[in-house]
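Written out below as structure tokens is the structure these notes cover.
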Amino acid sequence: MNDAIPKHERLLQGLFRDYEARYPTSKSAHERAKKVLIDGVSHGARLFKPYPFRVIAAQGAHVTDIDGHRIVDFWQGHYANILGHNPAIIREVLVRELEHGFGLQTGLPEERQSEFAQALAQAAGAERVRLTTAGTLATMYAIMLARAFTKRHLVLKVAGGWHGASPLALKGVGRRADGYDHVDSAGVPATTEEEILVVRFNDVEALKHIFARYGERIACFIFEPCVGAAGFLPASGDFMRTARELTRQYGALLILDEVITGFRFCAGGVQKLYGVQADLTTFGKIIGGGMPLSAVAGRADVMELVSESATPRVWFNGGTFSAHPLALLAGQAMIEHLIAHEAEIYPALAAKGQRLREGVEAVFKARGVLARCTGHGNDALQGGSLATIYFPRDETLQPTSAEDLQDPALCDVILREQVLKVGLLLHDVNVAHGLGALSASHDDEDLAQVFQACDAFATRLLAGK
Ligand SMILES: Cc1ncc(COP(=O)(O)O)c(C=O)c1O
């Protein structure tokens, strides 16, 4: 048990005081930003207390802030930057093409679109692809396609699953007193409440139950093979297989949201490691090579509903900046690189992930603090480059769903989400929701810095101030 850990208020106050002393220029920048930007940021996930540091440069595993710290970064562009920040292979192609008068002429077909789509389709085992600009849009369009194809309305998702802020999936994301049975945002259509069903991740019996009750009305089951926002928890092989079988049995579509997992565990969708094929797959993050690019890839008969000639047609136009030339340049360079070097990149990332997880757990253990990492893998998926440090109340906890990691009765959520973040930043380590994503650029020196930071943090945690 973590009885040795005192309450965190006093500790947080001490950490905030030290953070403000260490990041003074960011403090005044944040004050200025708040006058025009809501909360001083452009995305809620970039905000933390007391205020976020401001970045002026980024290279590989590191970012440099306006107070001159060189910070080991595990946020890595919302987990998009698998090669690290600003990798040469992307930078060079963008600079070269811009200098040749190519890159900002968005809105015209170019050969690269079909080359990119071909590579993505092949890596994803899909027949057709349409591109857009954000993971949110990709999942929204995928759900629209499933509803149109099945002529049904219900969307089934998992508790804690995040598919972007689209009203079509904005239920059961964050945990509240009622658990996950609520719409997460104001301002969405009234139907959001009744048209989205939420099931516990990795709970095969609950999944069977919900399909038995609503199956004939379910348009799609959408989930991430490794739930990101809930702490990088992988689907069990059984859950994945059951999801595939039940969707088929009831005539619903299986949508795998691979916005995080796509090209993260292998060069393509992680579903191929599970041995399943989704009807539709959404990609984002990594496939853009650091630029805004996302895609829906899937069955031809479903995707054809997007066509101008389809009736009724799913209006999936992707937007003004769909397939933006610079995003495509970056995306193509990225996925071609990952495909060509799959055999070296992914095992190296997984081995590094394992060293990171084991090292972090050992450091806390040596100080007598019960801390564990997610991301070790399970029966179906080996550990990779994603991890979350969590603080279980009891050492027997084996988290498999958001309910396990987000319930304060089971884990010290404030310690993971707030205290750890600031505590590690005092040692120039930037984690997101308990850790985040390794890139190919992180090296053993970076890992050593994380271990030292965790050690200092554990000491301070025990001191309680
Ligand atoms: C699994 C998943 N799906 C969809 C999204 C939405 O993607 P975007 O932020 O690019 O709109 C995210 C974003 O974090 C995500 O993690």
task = Only residues in segment 245-258 that are among the acidic types (Asp, Glu) count as the first member; pair them with residues that are in a strand (DSSP E or B) and within 15 Å of the ligand (Cβ to nearest atom), Cβ under 7 angstrom, at least 6 apart or cross-chain, and list the lot.
result = Asp257/Ile222; Asp257/Phe223; Asp257/Thr282; Glu258/Thr281; Glu258/Thr282; Glu258/Phe283
request  = Just need a number here: residues in segment 273-313 that are more than 22 Å from Arg241 (Cβ to Cβ) and more than 12 Å from the ligand (Cβ to nearest atom).
outcome  = 15
ask   = Looking at (1) within 12 Å of the ligand (Cβ to nearest atom); (2) over 20 Å from Leu405 (Cα atoms), which is the one condition that is false for Cys220?
value = (1)
inquiry  = With the structure loaded, tell me whether Arg460 is farther than 21 Å from Val173 by Cα, in contact (Cβ under 8 Å) with a residue 12 or more places away in the chain and among the basic types (Lys, Arg) or whether it fails that test.
reply    = yes
inquiry  = Looking at Val72, Val41 in this structure, which one is touching a helix residue (DSSP H, G or I) at 6+ places or on another chain (Cβ under 8 Å), among the aliphatic types (A, V, I, L, M) and within 16 Å of the ligand (Cβ to nearest atom)?
reply    = Val41
query = Among Gly231, Gly268, which is the only one that is part of a loop (DSSP other than H, G, I, E, B), in contact (Cβ under 8 Å) with a residue 24 or more places away in the chain, at positive phi and within 13 Å of the ligand (Cβ to nearest atom)?
reply = Gly231
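Would you point out the residue of segment 383-396, among those that are out of contact with any helix residue (DSSP H, G or I) (no Cβ under 8 Å at 6 or more places or on another chain) and in a loop (DSSP other than H, G, I, E, B), that is surrounded by the most Cβ atoms within 10 Å (Cβ to Cβ)?
Filtering segment 383-396 for residues that are out of contact with any helix residue (DSSP H, G or I) (no Cβ under 8 Å at 6 or more places or on another chain) and in a loop (DSSP other than H, G, I, E, B), the one surrounded by the most Cβ atoms within 10 Å (Cβ to Cβ) comes out as Arg393.
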key: Any pair with Cβ under 9 angstrom, 6 or more apart, that starts in segment 120-142 at a residue that is assigned to a helix (DSSP H, G or I) and ends at one that is near the ligand (Cβ under 8 Å from one of its atoms) and of a type in the set (Asp, Glu)   = Ala124/Glu258; Gly135/Asp257; Ala138/Asp257; Thr139/Asp257; Ala142/Asp257
note = Selection from segment 50-82 of residues polar (S, T, N, Q), over 18 Å from the mean Cα position of the chain (by Cα) and farther than 17 Å from His427 by Cβ yields Gln59
key: Hits in segment 203-241 - residues which are under 19 Å from Gly269 (Cα atoms), at pLDDT 95 or above and surrounded by fewer than 19 Cβ atoms within 10 Å (Cβ to Cβ)   = Gly237, Asp238, Arg241
task = State all residues of segment 170-200 that are of a type outside the set (Lys, Arg), closer than 18 Å to Gly215 by Cα and not in a helix (DSSP H, G or I); if no residue qualifies, say none.
result = Ile196, Leu197, Val198, Val199
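Looking only at segment 397-420, how many residues end up being in a helix (DSSP H, G or I), crowded, with 20+ Cβ neighbours inside 10 Å and not polar (S, T, N, Q)?
7
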note = Flagged in segment 421-437 as within 11 Å of Phe74 (Cβ to Cβ) and either touching a Leu at 6+ places or on another chain (Cβ under 8 Å) or crowded, with 23+ Cβ neighbours inside 10 Å (or both), in numbering order, are Leu424, Val429, Asn430, Val431, Gly434, Leu435, Gly436, Ala437
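The values are calculated or read from the model by the stated rules, or taken from the named source; none is laboratory data. Just so it is clear, the structure is predicted and the values come from calculations on it, not from any experiment. FYI the Cβ positions are ideal-geometry reconstructions off the backbone, even for glycines, and counts take in every protein chain you see.
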